[in-house]
Amino acid sequence: MATPASVHAHTPQGFIRKYIFSLDHKVIGIQYFFLALTAVFVGMFLSLLMRIHLVWPAAVLPFVGEIKPETYLSLLTMHGTIMVFFVLTTAPQGGFGNYFLPIQIGAPDMAFPVLNMLSFWTTFVGFVVILAAFFVTGGAPLHGWTGYAPLSALPSAGPGEGLGADLWITSIAIFCVASLMGALNFITTTLDLRAKGMTMMRMPLTVWSWFITAILGLLAFGVLLSAGILLLMDRNLGTSFYVPLVVVNGQIMGHKGGSPLLWQHLFWFFGHPEVYIAILPGMGVASQVLSTFSRKPIFGYRAMVYAMLSIGFFGFMVWGHHMFMSGMSPYSAFAFSILTMCIGVPSAIKTFNWLGTMYKGRIRFQTPMLYAIGFVSLFVSGGLSGPFLAQPVLDIQLHDTYFVVGHFHLIMGVAAIFGMFAATYYWFPKMFGRMMNETWGRVHFFLTLAGTYAIFMPMHYLGMAGGTRRYSQYTEVAYLQKLMPIHQFMTYAAFITIAAQFIFVLNLFWSMFKGPKASDNPWEATTLEWTTATPPPHDNFGGVTPVVNHGPYEYSVPGAPKDYVMQNDPATVATH
């Protein structure tokens, strides 16, 4: 059995061992959090440049200059890649998962602390490598975040497809290695290091979500790593995995026999589970926060666990729905379509259980609760357009339009980010020992919720009107020019929404140093992280191993002295 006990014999001394190359899962979690916070502002800035260019294509911007069509495609590629890998995958799993999974199961640390440190620094190197793509000759790649071959497989295919594309692929490969190390750690920790009494069915739903996400990561990132290595070989060693006999600029390339569809299959076999890697931790956090602030046990705990397991299982069976336009057999398309519709069932179970948790609860509308409700709202709004895209006959019309962009940004992008905001406002007191400002938290919430709907809802209408994605300019095509007022509206909404994020940053850093001191359990919650000191000591529980006697959501218990029962309260206390 893995044991980190030896690592925790004494607290590390010295700044570098304590804060930089730390083995403490809490410090590593905070490092991941701030890496993701940096990445999200880089990604947001790139999206702002894209939106400015779409509305004012001739604008010359300070420090950036004129945005050419190929520059626009580079911005698009890097925005998508940084957001998906270094924000949506890094913050919920690497940040909050690392910090709270061991504490919530009563463990002193992760199973493999050194591997944990390595996984963070490998992720950091991956982030530096992808940023380097902006500064090399030719600039960043323009093949989109999906990197479709043969465009991505031929260095002569366009600006940025030289060294920039090599750095892009290398960065993703490095990120895959880091994620595989992290996934092994999460799985081993969850299975091996649970405290006495912490059965699988007593684990908080956050732990379940991180555990299932780690399993998905272990299975998916290995495939992407292999695909990336083959792509690097096609580009640099003359192999032909993805490149058929092809002519570029009148020149026959020295490849034959490769299949561009092989890249699509390998990429989307990773790419669809990646959607759930991004959203499952948000589901766990939403469950945790909704139960805590409704003062009610989670509605249908076991159903929630099995729904998450089902989502993880079906997530590996639906990658073909990204490829309906690839000329696949209608029989294959039909199978992928049915399986995609099946994923709607566990998603609906979770949604109704969240509503059931809130029904007749004594709801406390504090900032974490607002973000959890916002998460459910965005999850439903983004999810409803999914069944349309799951039908091949509709998808062929909507493919490569803004309808798809609106769909995945709502359900995978901002829904996951609302989960991160809920987690930040909820766990900030435990992580930093102070409370965030409630008033500014609410202002941030309402501006962000209104802003995200104002940006991404109109994209569906654009898509239904035939507004194509990835075009750098809409002024050249008559029917697209008529859609420009919608683009202008979305761009103004983006300005306001991005500005609102600075409220969050100011609140975050101000509260870290000046916020009111937090008690050990400010939300009157039941799980183990609220039983220890604030912030938690080096070994999480100050040398005392907790013993778990109750489930994770014992709220409004009849006859109990308080309206909640902690997981480590004596077994004599009556529970549901």
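Assorted remarks:
- Approximating the spin labels as points 7 Å out from Cα along Cα→Cβ, the F313-to-T468 distance works out to 4.2 nm.
- Distance-filtered residues of segment 270-300 - backbone nitrogen under 18 Å, label point 7 angstrom along S519 Cα→Cβ: 292-296
- Cβ-defined net charge surrounding V557, 14 Å radius [Lys, Arg +1; Asp, Glu -1]: 0
- Label zone at E476, where the point sits 7 Å out along the Cα-to-Cβ direction: segment 133-149 residues whose backbone N lies under 18 Å: 142-144
- Accessible surface ranking that places the most exposed of H265, H79 first, with a 1.4 angstrom probe: H265, H79
- Each of L237 and C342 was given a label point 7 Å from its Cα along the Cα-to-Cβ line. The distance between the two points is 3.7 nm.
- From most to least packed by mean Cβ count within 10 Å, the peptides 113-123, 267-277 give 267-277, 113-123.
- Applying 1/(1 + (r/R0)^6) with R0 = 25 Å to the Cβ-Cβ distance of I20 and V136 gives a FRET efficiency near 0.35.
- Antiparallel DSSP beta bridges within the chain, percent to nearest 5: 90
- Per-pair calculated FRET efficiency, R0 = 60 Å: D563 and I252 via Cβ, rounded to 0.05: 0.20
- At full extension, L262 and Y306 could sit 12.6 nm farther apart than now, given 0.36 nm per residue minus the alpha carbon distance.
- Between 0 and 90 degrees, the angle of helix 415-432 with respect to the longest Cα principal axis of the chain falls at about 40 degrees.
- The chymotrypsin sites (Phe, Trp or Tyr not before Pro) of segment 513-563 include none that DSSP puts in a loop with a beta carbon having at most 12 other beta carbons within 10 Å.
- 11 Å beta-carbon shell around K430, net charge (K/R +1, D/E -1): 0
- For the chain, the tally of Lys pairs with Cα-Cα distances below 12 Å comes to 4, considering only residues 8 or more apart or on different chains.
- Full-stretch length increase - Y461, V443 - with 0.36 nm per residue and alpha-carbon distance subtracted: 3.7 nm
- Here is the list for segment 346-449: trypsin sites (Lys or Arg not before Pro) lying in DSSP coil, each with at most 14 other C-beta atoms within 10 angstrom of its C-beta, are K360, R362, R364.
- Local electrostatic count at P516 - Lys and Arg +1, Asp and Glu -1, tallied over other residues with Cβ under 12 Å: +2
- When each of the peptides 321-334, 173-186, 491-504, 400-413 is scored by how many other beta carbons lie within 10 Å of its residues on average, the order from highest to lowest is 173-186, 400-413, 491-504, 321-334.
- For R434, nonlocal amide neighbours, meaning residues 5 or more places apart or on other chains whose placed amide H falls under 5 Å from its own, are A518.
- Sites V505 and T11 - FRET efficiency at Förster radius 35 Å, r taken between beta-carbons, to 0.05: 0.70
- By the Kirkwood approach, averaging reciprocal distances over each pair of separate Cα atoms, segment 515-576 gets a hydrodynamic radius of 12.5 Å.
The values are calculated or read from the model by the stated rules, or taken from the named source; none is laboratory data. What you see is a predicted model; the values in this text were computed from it and never measured. Here Cβ is always computed from backbone atoms with ideal geometry, including for glycine, and neighbour counts include all displayed protein chains. These area figures cover heavy atoms from the full protein model, side chains too; ligands, DNA and RNA do not enter into them. Shrake-Rupley method; radii C 1.70, N 1.55, O 1.52, S 1.80 Å.
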